[in-house]
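Accompanying notes for the structure given below.
Nothing in this text is a laboratory measurement; each read-out follows from the coordinates by a stated rule. The model shown is predicted, which means the values in this text are computed figures rather than measured ones. All Cβ positions, glycine included, derive from the backbone under ideal geometry; neighbour counts span all protein chains shown.
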Amino acid sequence: MQTNRKSNLMWRLTPVDAGQSTGKIEAIAGLLGLDGIPNFLRLLARSPASMNAFLQAEAALAHGELAPHQREEIALLVAEINGSSYCRALHERSARQAGLTEGQIQLSREASASEPKTLALLHFVQAIVLQRGEVSNDDFSAIRKAGFSDSEIIEIVANIATNIFTNYFNLLAQTEPDCSLPQPPQ
């Protein structure tokens, strides 16, 4: 393990030194709409194949049918279910940038919403994550009745999978919170 110079926390994985990056990580952070280089990218950069897989998934899904605010609602709920405070903080900031209010962010974390289509989305996401993909016919019927197409349902699963990857990665790595990210309430 490596000690972070700014604190006494120990990194489980060795991050790429932000001062020595070639600009590629900064460019990646910019593509993701992030200011600066979040710690998870500094860690993920140690595996170019994993970084590439993550970026390709993010780029493809960003051009999908789900709206940015829907993708953030999914990310918030998945992070909440998985207990990833790092990802939750990152996605709270991204959700604000996507136009969600503080109230909508909190409701998303609780699998709740005032709008019926969003509520159906969040209940479906919760069912998939908690039941590891084994959703009931009632759960599937509800997402259909809410107006989601085959393509959107498939994208919901892909967004869940991408978020589970980053949640598990940051939980495993015990990624140190970034100073620029909002800290989750204790």
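Here is how the numbers come out for the structure above:
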item	result
Pairwise label distance in nanometres, Gln174 with Ser151, each label 7 Å out on the Cα-Cβ vector	4.5
For Ile154, net neighbour charge (Lys/Arg +1, Asp/Glu -1) across residues whose Cβ lies under 14 Å away	-2
Summed residue charge, Cβ within 10 Å of Gly64's Cβ, Lys/Arg positive, Asp/Glu negative	-2
Whether segment 68-173 is rounded, prolate or oblate, judged on the alpha carbon gyration tensor where a/c under 1.5 counts as rounded	oblate
Extended-chain gain in nm, criterion 0.36 nm per residue less alpha-carbon gap, Thr14 and Ala161	50.5 nm
